[in-house]
Amino acid sequence: TIRAHPPFTMGCICCMSEGAKVAKIMEALNAYPVSKLEAGGVSKAIGYPVNLEGQVILHPVNGYPVVWYCIKIYEQCSWEEEYEHRDQDGNTYRRRRQKSETKTIYTAEVGTEFRLVDGTAFCIVDCRSQEQSKIDTKNNIRGNGMPAGQLNPQVAAFVKSYPRKDRPSGVAAVANVVGAVAMALGGNRNSPSNGRYGRLNERWSYRYTCSFVDSKRKIAVVGDCQNGAGNVLRLNACYENTADETQLQGQGLEKRQIQIFKDMVKSGGAIFISDSDAAIATTEVAPVGVQLPKPPMAVDAKQMNVAQQVQPVVVAPGYIPQEGVVVQQQPPQNYVTDQPPAYSQQ
């Protein structure tokens, strides 16, 4: 399921969505800007995600840099089912009813290793593991039909190769006509079973959903803060033995939230990421003061014009169209549109 969550309601933990669980943990933990982060146990850090050089991943639909996304494409079939109805007097009638079914035909969840930045201070976060990455995001797009636009290569290849049923081949079209004629003459396309005579007027449609963590918005990350290679801080996945109940209480978690935390880390560990307002709270973080990576060479030219149209600028006081991003060009358009913004980040 998509990681966005409905409003939280009291109930058993097993009935909560993953996003709702992450939200309950995030809203209670004490928050620290990355520049104030110290090694030693479970910590909630606030900063701006910045892709590492060579590890830039792109939103599968609009081509903008992200640090995590999950896209799903669905196929729905609707039809009329003709069935035999018998009334209380024993009379038999043929009736029709509307039926439909939906199945997921494509799923891709992709994360990357990135820097969580506060000014020039940063730590490393790794959300490449689908099993460990627990995401709560408000960034969700939905669309009817197959995805279109500046698709990444994997999604584009699937869309191009999938045999869509809303555009039937000649053989399929003839089969549908033959079946309809047979039904009109009193026959049936499928062998009658339990009074059912088969499908009529099949209609196929497609839709997709995509959740993502934007690389331009402030986020909160909960992990086990430790020194890594080169004495660089890392927020690692949390496990059952990462912190005891007393330590978690010291970080602000209450009994129920501790129970949720333990439930999520017990099977292979977990690292928690959220971009919700409640998770970020009022924690102040300095604008990004580190070098941003170059766009990947495999990206289509339309996706690269953010970096090509203007020269890089040095981070300095100026117009700030989005929190934490300092630019000297026009403010960007909505990031979910097909047209990329004409500005450069540094």
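Observations
- Each peptide among 131-138, 146-153, 212-219 gets the average number of other Cβ atoms lying within 10 Å of its residues, and from highest to lowest they stand as 212-219, 131-138, 146-153.
- Formal net charge of residues neighbouring Cys77 (Cβ-Cβ distance under 9 Å; K, R +1; D, E -1): +2
- Nonlocal amide H pairs with His59, under 5 Å, H built at 1.01 Å: Tyr64, Val66
- Among the listed pairs Lys99/Lys160; Lys99/Lys165; Lys216/Lys266; Lys44/Lys72, those beyond 26 Å (Cα-Cα): Lys99/Lys160; Lys216/Lys266; Lys44/Lys72
- Each Lys or Arg adds one and each Asp or Glu subtracts one; over the other residues with Cβ under 10 Å from the Cβ of Tyr208, this totals +3.
- Measuring how big segment 56-151 is from its alpha-carbon positions, Rg and Dmax come out at 23.4, 83 Å.
- By average C-beta atoms within 10 angstrom, highest first, the peptides 28-36, 113-121: 113-121, 28-36
- Whole-angstrom gap from segment 209-226 to segment 21-89, using each part's C-alpha centre: 10
Values in this text are rule-based calculations from the coordinates and carry no lab data. Note that the structure is a prediction, hence the values are computed from the model and not measured. Every residue, glycine as well, gets a Cβ built from its backbone with ideal geometry; the counts of neighbours run over all protein chains shown.
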